[in-house]
């Protein structure tokens, strides 16, 4: 039986697209069951629709309250038999019930080598600006299990990216993103194999 993944996004969804592409090529033997975004204007929802994946705008505004939104997310996971939940640029804290429903099966991708440059407010260009301001020589990509605290769950995989002289947040970010696209699907595939 085909294993099912679901993806939470808040923005452009380029990591979602990388997952969709790897499912399409057969490299990731799974199905993207649905994509949820807390942002109705997220390009990620359009990427999902173009791929024939159910795209759902789910927020306190669409459901009437945050509690109702949390309950709907939980029912989507439970009712659809989701095996692994992937956070790909999702900017909200998950309800605790999600981690209870999918223990050890909720992963997040972060654009630095955690535990450095993680935590609340550290996403996207903010991470790359902080890396450059600190003057470190290396940054990278971390895929980790999600816990009750931002960016603190057990690390599953990291890949290093060198900081180059003259880097801007944009140039550094584009190199990190390319590594994200080549890393996330591999860890999702490996996790699916472990829980099969």
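Packing, as the average of other Cβ atoms within 10 Å across residues, places the peptides 40-50, 86-96 in the order 86-96, 40-50, highest first. Note that the stretch 1-102 shows a convex hull volume over its alpha carbon atoms of 87 Å³ per residue. Helical runs assigned H by DSSP (4 residues or longer) give the chain a calculated mean residue ellipticity at 222 nm of -12500 deg cm²/dmol, each run adding -39500 (n - 2.57) before division by the residue total.
With each label modelled as a point 7 angstrom along the Cα→C-beta vector, the residue 75-residue 190 pair spans 3.7 nm.
Arranged from highest to lowest average of other beta-carbon atoms within 10 Å per residue, in what order do the peptides 172-185, 60-73 appear? Write down the numbers at each step before the final one.
Details: 172-185: 19.0, 60-73: 14.5.
By packing density, highest mean first, the sequence is 172-185, 60-73.
On a 0 to 90 degree scale, rounded to 10, what angle separates helix 14-25 from the longest Cα axis of the chain? With rounding to tens, the tilt is 60 degrees. Take the Cα of residue 91, step 7 Å along the line toward its Cβ, and report every residue of the stretch 111-146 whose backbone nitrogen sits under 12 Å from that point. What the label zone holds, given the 12 Å backbone N cut-off, is 121-126. Taking 0.36 nm per residue of sequence separation and removing the Cα-Cα distance, the residue 65/residue 134 pair yields an extension gain of 20.9 nm. Per-peptide packing, taken as the mean over residues of other Cβ atoms within 10 Å, places 29-35, 11-17, 105-111 in the sequence 105-111, 11-17, 29-35 from highest down. With R₀ fixed at 22 Å, the C-beta to C-beta distance from residue 159 to residue 21 puts the FRET efficiency at about 0.75.
Between the stretch 137-196 and the stretch 90-105, the C-alpha centres lie 19 angstrom from each other. Projected onto planes of every orientation and averaged, the convex hull of the alpha-carbon atoms in the stretch 47-100 covers 4.3 nm². Taking Cα atoms only, the orientation of helix 66-79 departs from the longest principal axis of the chain by about 70 degrees.
Since every read-out is calculated from the coordinates, none of them should be taken as a lab result. Bear in mind the structure is a predicted one, so any value in this text is a computation, not a measurement. Neighbour counts are summed over all protein chains in view; Cβ atoms, including those assigned to glycine, are modelled from backbone coordinates with ideal geometry.
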